[in-house]
Amino acid sequence: MLLRSDVSDIHPVTVIEDARSITPIALPESSPDSPIRRIDFANFTYPSQFAGEAGGFAVRNGELLPKRKTETGQPLDTWLKLVSISYGDVTGDGAEEAIIDLVWITGGSAIPDLVYIYALNKGKPKLLWAFETGDRADGGYRNVLAENGRLVVELCGKDKIIGRNLYEDDGTHTGACCPTYFTRTRYKWANNRFRRQGKSEVLPLEMR
């Protein structure tokens with residue numbers, strides 16, 4: 001895969017059978033004038049080794065289009081599409097950071113995501129963390145957000161945490177399409193990296 005996480009401090013996972021007992025996540029207040037919102041992440045070069053492109057890949061108009069197509073324009077390669085950009089304080093410094101979610105378009109049913117988290121440093125974007133999720137029930141993306149100065153990562157499946165094997169059988173698998181649990185993990189920014197804080201929670205996932 002493209003990216004390897006660099007987060008340690010593995011803790012036990014707490015299984016909670018009744019998600020209704022969990023305090024709802026507090027969404028950060030909107031800051032429309034935050035300087036980082038002026039960065040155009042839909043037209044941006046992201047660092048990574050991708051398809052042999054050393055130094056990163058350039059997203060234009062929210063997409064990284066495939067290099068090869070059929071005569072009718074159907075893609076022959078995987079490509080990337082910008083799904084969302086959200087903002088909030090994930091480092092506890094009172095300033096907003098940007099959370100960018102890019103999804104792989106594989107041509108099949110797999111839906112892995114790339115997540116990039118950026119801050120501003122002297123007016124320029126600074127990458128804090130980048131990671132790749134699994135696919136749907138195997139550690140697929142559910143949500144990544146800010147909460148009270150911390151970063152919250154939610155992945156589909158049981159005991160699914162960045163840095164572990166997201167495709168390992170978790171004992172709840174009923175098919176990649178249909179996750180029945182998700183794992184919520186909180187991170188604190190310390191010593192220039194995100195570190196896991198407390199125990200991860202495993203919550204039942206209600207399919208809509």
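The values are calculated or read from the model by the stated rules, or taken from the named source; none is laboratory data. Since the structure is predicted, the reported quantities are computational estimates derived from the model, not experimental observations. Note: ideal-geometry Cβ built from the backbone for every residue, glycine included; neighbour counts use all protein chains shown.
For ALA176, the conditions (1) within 17 Å of the chain's Cα centre (by Cα); (2) over 23 Å from TYR87 (Cα atoms); (3) not acidic (Asp, Glu) are fulfilled apart from (1). When SER86, SER48 are checked against the criterion of being of a type in the set (S, T, N, Q), part of a loop (DSSP other than H, G, I, E, B) and either modelled with pLDDT of 95 or more or within 25 Å of THR185 (Cα to Cα) (or both), a single residue qualifies: SER48.
Close contacts from the stretch 196-208, counting a first residue that is aliphatic (A, V, I, L, M) and a second that is at pLDDT 95 or above and surrounded by 13 or more Cβ atoms within 10 Å (Cβ to Cβ), with Cβ to Cβ under 7 Å and a gap of 6+ residues or different chains, come to LEU203/ARG184. ASP40 meets each of the listed conditions (1) modelled with pLDDT under 85; (2) more than 18 Å from the chain's Cα centre (by Cα) apart from (1). Filter the stretch 51-83 for residues that are at pLDDT 70 or above and aliphatic (A, V, I, L, M) and give the result. ALA58, VAL59, LEU64, LEU80, LEU82, VAL83 - these are the residues of the stretch 51-83 that are at pLDDT 70 or above and aliphatic (A, V, I, L, M). Kindly check whether there is at least one residue in the stretch 126-138 that is basic (Lys, Arg), closer than 20 Å to SER84 by Cα and under 14 Å from the mean Cα position of the chain (by Cα). Yes: the stretch 126-138 contains one or more residues that are basic (Lys, Arg), closer than 20 Å to SER84 by Cα and under 14 Å from the mean Cα position of the chain (by Cα). For the stretch 138-191, taking the residues that are β-branched (Val, Ile, Thr) and either free of Cβ contacts under 8 Å to residues at least 24 places away in the same chain or assigned to a loop (DSSP other than H, G, I, E, B) (or both), the one that is surrounded by the fewest Cβ atoms within 10 Å (Cβ to Cβ) is identified as THR174. Of all residues in the stretch 192-208, those that are in a strand (DSSP E or B) and among the basic types (Lys, Arg) total 3.
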